[in-house]
Amino acid sequence: MPRLSNRRSVEEDDEGFYVSMSDMLTGLLFIFIILLVYYAVQFRQTTQEMTGANTARAELLKELQRRLLKQDINVQIDTDTGVLRLPDAILFDEGRSDLSEAGKEKVAKLADVLVAVLPCYTDYARLDTPCTAKRSQYRIDALFVEGHSDVRPLNRGGRDVNVELSAERAINTFRELRQRQRALDSLKTKVGTRDRQRLVPILSVSGYGGTRPTLGHEGASQEDYRANRRIDLRFLMATPDASRFASMLL
């Protein structure tokens, strides 16, 4: 009898152990499912924010194009890359980096349109530059005034100066915009993390020479050359805080 009793006791202990393990694994699985659902919701929200920012940028570009067309300035827009494009012929004489008189008039009109619309997409603007379009919940992170040239070498003193020419044109356009509308300097965006943020101007400038031809104009025809000599306004939208992505992975 004692031997039988001991065997039953061991069997009962084994059953209790397996029940405890089963409960623990069920609990862990439940926790895993909760975490998976949480991260799936966070990822979906982040994806929606990024998609919404791209949609807002496309609406911004279309609004700028519409207003400029009313000012007899026909510009091209690329909603996929966030670019508003001005052919160099409407701004500069051939081989020159300073704006023509007609170019200055067009830049002045461009500045007026920008200062009317961009406050709707920035974190900060002067009180005397209110939003005159539909206010957006999405924000511009940066606006680059980009200079581009074609790939044909432009020699000065025996060296190719295409990059210098494109940069000078971008800088001169940038300066003219700011001179015509000082309020553009007040358009700012927030940078940093949620805990530490500061306001910085959205306007910036860059020059690329012939290193970034427009899509579909990578060739060497006169049409390709004309398409690649340009000033681009490139709009970058603020995206979800990178720390949010990091926290999702930890």
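The values are calculated or read from the model by the stated rules, or taken from the named source; none is laboratory data. Remember, predicted model here, so these are calculated numbers, not experimental data. All Cβ positions, glycine included, derive from the backbone under ideal geometry; neighbour counts span all protein chains shown.
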Just for region 206-237: of the residues that are outside any strand (DSSP E or B) and of a type in the set (Phe, Trp, Tyr), which one is farthest from VAL75 (Cα to Cα)? TYR208
Within region 195-205, can you find the residues that are in a loop (DSSP other than H, G, I, E, B) and under 19 Å from the mean Cα position of the chain (by Cα)? ILE202
Condition test on ALA133, is it touching a residue at least 12 places away in the same chain (Cβ under 8 Å), touching an Asp or Glu at 6+ places or on another chain (Cβ under 8 Å) and within 16 Å of PHE235 (Cβ to Cβ)? yes
With the requirement that a residue be farther than 23 Å from ASN228 by Cα, at pLDDT 75 or above and assigned to a loop (DSSP other than H, G, I, E, B), what does region 126-158 give you? PRO130, CYS131, THR132, ALA133, LYS134, ARG135, SER136, GLN137, TYR138, ARG139
GLN179 passes all but one of the listed conditions (1) in contact (Cβ under 8 Å) with a residue 12 or more places away in the chain; (2) assigned to a helix (DSSP H, G or I); the exception is number (1)
Name the residue, out of ASP98, ASP78, ASP112, that is surrounded by fewer than 20 Cβ atoms within 10 Å (Cβ to Cβ) and within 18 Å of the chain's Cα centre (by Cα). ASP78
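State whether one or more residues within region 139-152 are among the β-branched types (Val, Ile, Thr) and within 25 Å of THR55 (Cα to Cα). Spell out how you get there, then give the answer.
Keep residues of region 139-152 that are among the β-branched types (Val, Ile, Thr), which gives 140, 145, 151.
This time we only want the ones that are within 25 Å of THR55 (Cα to Cα), so: 140, 145.
Yes, region 139-152 contains a residue that is among the β-branched types (Val, Ile, Thr) and within 25 Å of THR55 (Cα to Cα).
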Of those in region 201-211 that are of a type outside the set (Ser, Thr, Tyr) and closer than 15 Å to LEU118 by Cα, the residue surrounded by the fewest Cβ atoms within 10 Å (Cβ to Cβ) is PRO201
Would you mention how many residues in region 115-150 are over 22 Å from the mean Cα position of the chain (by Cα) and surrounded by 16 or more Cβ atoms within 10 Å (Cβ to Cβ)? 3
Assuming ARG244 fulfils every condition listed in (1) at pLDDT 90 or above; (2) outside any strand (DSSP E or B) apart from one, which condition is it? (1)
